[in-house]
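This report concerns only the one structure given below.
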Amino acid sequence: MATRINPSILAADFANFESELSRIRSADLVHVDIMDNHFVPNLTFGLGMVERLQQISPLPLDIHLMIDDPERWAPGYAEAGAYSVTFHAEATTEPVALARRLRQIGARAGIALKPGTDVAPYLELLPEFDQVLVMTVEPGFGGQSFMESTMPKLAQLRSEVQKTGLDVWLQVDGGITEQTIEIAALAGADTFVAGSSVFGAENPAAQISLLRERAASHRHGAGNLES
């Protein structure tokens, strides 16, 4: 099982994206949080910014849509060339149809779950997705503390992925540090969004290596955490 580190540019210097992206070349993907001030109480980037990032980024883009009406907006991010487009389960009534549309365009399709969202209704839908994002903070703001209470949900997903043999990435986002990445890896995550812990480091490349090593050395004991 690969270990992926996806730094979030929400923690980068917005005035120097090109140089900031060059500092994280050793990462796997660039995580881009799209917020609309409706689904979450914050406003960040839009499609125009993503199109520009697509032109200058040395890494593929991992788009996380924290927006209303993803059926309308998500396909545009896939058409812009994003490698992965993740939308929230809570924002859509037709997650399977949207995932199929994203895959048809050529992007990996992901579904995100807020900390309080039950994972059970989505377990049987896993073949329709390439990634499940378990939020380990409430979506909308960076710098929040990791919620360990979300780990049983992650462990359920890992158990189902193992049982079915699916190639579904399990991503965590929120409060990921050298310490919390070990907890998430033990529960079954293989893809980790890290913001301030990477961009706030003096040497982001060394920090990415450290996070990857910590996660790899603690992968995955999901069965111990299932409820």
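The values are calculated or read from the model by the stated rules, or taken from the named source; none is laboratory data. Just so we're clear, the structure is a prediction, and the values are computed from it rather than from any experiment. With ideal geometry, Cβ positions are generated from the backbone for all residues, glycine too; neighbour counts draw on all protein chains shown. Quick note on the areas: whole protein, heavy atoms, side chains included, nothing else; ligands and nucleic acids left out. Shrake-Rupley method; radii C 1.70, N 1.55, O 1.52, S 1.80 Å.
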- Which one of these does residue 92 not meet: (1) open to solvent by 20 Å² or more (accessible area, probe 1.4 Å); (2) closer than 22 Å to residue 137 by Cβ; (3) of a type in the set (Ser, Thr, Tyr)? (1)
- Residues that are assigned to a loop (DSSP other than H, G, I, E, B), open to solvent by less than 60 Å² (accessible area, probe 1.4 Å) and within 22 Å of residue 167 (Cα to Cα), drawn from the range 1-19: 2, 3
- Pairing a residue in the range 40-51 that is open to solvent by 50 Å² or more (accessible area, probe 1.4 Å) with any residue that is in a helix (DSSP H, G or I), where Cβ atoms lie under 8 Å and the two sit 6 or more apart in sequence or on different chains, gives 47/73; 47/76; 47/77
- Could you please let me know if residue 74 is without any contact (Cβ under 8 Å) to a residue 40 or more places away in the chain, over 27 Å from residue 184 (Cα atoms) and crowded, with 18+ Cβ neighbours inside 10 Å? yes
- Message: Checking the conditions here, which among 119, 96, 85, 134 is at pLDDT 95 or above and either acidic (Asp, Glu) or more than 17 Å from the chain's Cα centre (by Cα) (or both)?
- Response: 96
